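Before any comments, here is the structure.
The numbers here are math on the coordinates, done by the rules we state, and not lab data. Not measured: the values here are computed from a predicted model.
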Amino acid sequence: MSTDVTDKVSAAPPPGKDGSGGGGLAHLVLDLVQLVLGGLRRNMRQYGMLIALGLIVVLFQVWTGGDLLLPRNVSNLVLQNSYILILAIGMMLVIIAGHIDLSVGSLTAFVGAFAAVLTVSHGVAWPVALVLCLLMGAVAGAVQGVLIAYFGIPSFIVTLAGMLLFRGLTEILLKGQTLGPFPNGLQKLGNGFLPAVGPNTNYHNITLLLGLVLIVAVVWQEVRDRRRQAEFSLEVVPRNLFLLKLVAIVAAILALTMLLASYNGAPIILIVLGVLVVGYGYVMRNAVFGRHIYAIGGNLPAAKLSGVKDKKVTFYVFLNMGVLAALAGLVVASRLNAASPKAGLNFELEAIASSFIGGASMSGGVGTVLGAIIGGLVLGVLNNGMNLLGVGTDWQQVIKGLALLAAVGFDVWNKRKSGS
């Protein structure tokens, strides 16, 4: 009897190891930290720039004395970067397919000039002008797509020629002058907000409702994707890290919703961006066309042997880029309320930088639509924060260049580490 008691006493765990002692909480926190760090190491490409974006926001919020996340500034941040984010979505698809497009900035200016000539000079109704401008962008993208896909001319050369061509056509259309103003309906595309309805709650009711719907939709999609990965015996994020990810997403959406709802509500262009992100995200994740884009960018010979019609896919990728460039041109022109020959300068570089910062690979076959948005927001927050701090444009270019170099360097390092 005494032997049994002695064995039980000697076998008892030391205090704190079972979670009941003082060290239990410390061990739990340590295990959680190790789990998070391990998950981040395994998913560094996916979460690296998202964490970087959060850190940049926190730093500039401190450095600007809280001005960065003022509701008015957050709203302006969305409006000022909306056209770059639109271009970044299309550019991400182009880069995933293994190509590049240098013409989008000039095409943006050309479509804005075309819209001004239609609405201001010829009195065309703005909805008709909007459709015609999108068709113009589709035609421009299709012509470049034919030259690249079916004539075999490198995309760098074709789009470089397009950059010069569309910039010259913009000058011809506008005759070197600024043309405006636009009709009120078209102005709302780049400057408008959702209407205020419902009782007076000191917040924008529609924006609050949209935020709640978005939270439910995102949580449902994340849970659904995790279950599907588990059903196919794919590696899934550990449960605690997954819950932490959901909490972070919900907190971010809720914070953005409250900030926008406390000002003028959600900008119309933010709704357009949301539709684009959801639509293109679904295509790249679930549609056959999206998988074909990844295939031809990742391994073109293997994609051909698998029956992928690479020329057709490339053609539609550039046609799509033309349409998105046209939409960005309409947003820029409506925001400025005028078409300018100098509009769209360096937009192609901003879109390319957003894609690479957001996780695209130089060799193609890697990248996500959400990554392009994150990359664009990184640049947007950098621009906005440095403007609030009074940093000169010269140093802003230096800092953005270093950010792009760091992102590409990280991509190269990540590939070498994976290969080893």
Taking only the Cα positions of segment 151-207, the convex hull volume per residue in Å³ is 188
Longest principal axis of the chain (C-alpha) makes with the long axis of helix 44-63 (C-alpha) an angle, in degrees to the nearest 10, of 80
Per residue convex hull volume, Cα only, segment 98-247, in Å³ is 214
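Based on the inverse mean of 1/r over its pairs of different Cα atoms, what is the Kirkwood hydrodynamic radius of segment 234-309, in Å?
This gives a value of 15.9 Å.
Apply the Kirkwood formula to segment 287-380: the hydrodynamic radius equals the inverse of the mean of 1/r over all pairs of different alpha-carbon atoms; give it in Å with one decimal.
Its Kirkwood hydrodynamic radius stands at 14.9 Å.
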Rg/Rh over Cα atoms for the chain, Kirkwood Rh, comes to 1.06
Using alpha-carbon positions, the gyration tensor of segment 330-379 gives root eigenvalues a ≥ b ≥ c; with a/c under 1.5 called rounded, otherwise prolate if a/b exceeds b/c, else oblate, the class is prolate
Rounded to two decimals, the Debye log10 I(q)/I(0) of segment 50-147 (Cα scatterers, no solvent) at q = 0.19, 0.21, 0.25 Å⁻¹ is -0.99, -1.07, -1.29
Rounded to the nearest 10 degrees, the helix 126-149 long axis (Cα) sits at an angle to the longest Cα principal axis of the chain of 80
Restricting to Cα pairs under 8 Å and 6 or more apart, the percent relative contact order of the chain works out to 32
Over its alpha-carbon atoms, segment 225-354 yields an Rg and a Dmax in Å of 19.7, 55
Rounded to the nearest 10, the angle in degrees between the Cα long axis of helix 393-419 and the longest principal axis of the Cα atoms of the chain comes to 50
